[in-house]
Amino acid sequence: MPLPFLTADRAFDDAAHDAALPFDDRDHWRRPYRPGPWRVGAGAVLLLLASFVLFAAVIIAFADSLAGAAICAGLAALIIVSALRLLRMGTWVSAHGLRRVGFLTTQTLAWGQISAVRTAQQPVRWLGLPRTVQGQALVLVRRDQQPAGPQQLLLTDRNADFLARHEAFNRAADSIEVWADEYRPTDEYRPTA
């Protein structure tokens, strides 16, 4: 018995699947890559933990301790917000600029503030931990910083999105570089008529 919903004419990991569709609005913020399995797994574990804490809050509420139930419910809400923020972390692009979403901070730069976006070989953090290993990084260079100043890392091939997924890192880095080349103003002289 054929199951047509399980078959496809193309592979699921096809690069064209990650490309923006022509009718997509480029003014909306989008992450040009999928979250990696490490990030999704950590988010799922946090949501599972939140479900246990909520279940404990219900049990405590039935035991007539509303203060304890409120504390447990607040802790569960904090865990849920943390899981959602963890899943939202990454580099986002739109026609307006580039947005770097961290766990606690979000930094947005207009394309006019960016001098270059390029891939470099350098020591990078492994899964965000203090340990560094040699790897690739997508680096952002701002117009207002010194040439020898620190560069901001947008993506690395050893973070939670791209660990052991080198092809996905290359696709994501290329996609962000294309967005930068398309929307970043050039420094060339343009005569006015």
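Taking 0.36 nm per residue of separation and subtracting the Cα-Cα distance, what length does fully extending residue 27 through residue 47 add?
4.1 nm
When a/c is below 1.5 the answer is rounded, else prolate if a/b is larger than b/c, else oblate, so apply that to region 131-182 with a ≥ b ≥ c taken from the square roots of the Cα gyration tensor eigenvalues.
oblate
Based on the alpha-carbon gyration tensor of region 88-161 and its eigenvalue square roots a ≥ b ≥ c, which shape applies: rounded if a/c is under 1.5, prolate if not and a/b is larger than b/c, or oblate?
Oblate.
Suppose R0 equals 22 Å; then what is the FRET efficiency for residue 78 and residue 133 from their Cβ-Cβ distance, rounded to the nearest 0.05?
Working: r = 32 Å, r/R0 = 1.46.
According to the calculation, E is roughly 0.10.
Provide the net charge surrounding residue 37, with neighbours chosen by a C-beta distance below 11 Å and charges set as Lys +1, Arg +1, Asp -1, Glu -1. Write down the numbers at each step before the final one.
Numbers: positive: 34, 39, 165; negative: 161.
Every neighbour counted, the sum reads +2.
Of the listed peptides 52-64, 120-132, 156-168, what is their order by residue-averaged count of other C-beta atoms within 10 Å, with the highest listed first?
Values: 52-64: 13.9, 120-132: 12.4, 156-168: 19.2.
By packing density, highest mean first, the sequence is 156-168, 52-64, 120-132.
Accessible area per residue of region 24-71 at 1.4 Å probe, in Å²?
Using a 1.4 Å probe on heavy atoms only, each residue of region 24-71 averages 66 Å².
Would you work out if region 60-193 is rounded, prolate or oblate? Take a ≥ b ≥ c from the square roots of the eigenvalues of the alpha-carbon gyration tensor; rounded if a/c is under 1.5, else prolate when a/b is larger than b/c, oblate otherwise.
prolate
The values are calculated or read from the model by the stated rules, or taken from the named source; none is laboratory data. In this text the structure is predicted, and so the values were computed from the model without any measurement. With ideal geometry, Cβ positions are generated from the backbone for all residues, glycine too; neighbour counts draw on all protein chains shown. Just so you know, the surface numbers come from the protein's heavy atoms only, side chains and all, with ligands and any DNA or RNA stripped out. Shrake-Rupley method; radii C 1.70, N 1.55, O 1.52, S 1.80 Å.
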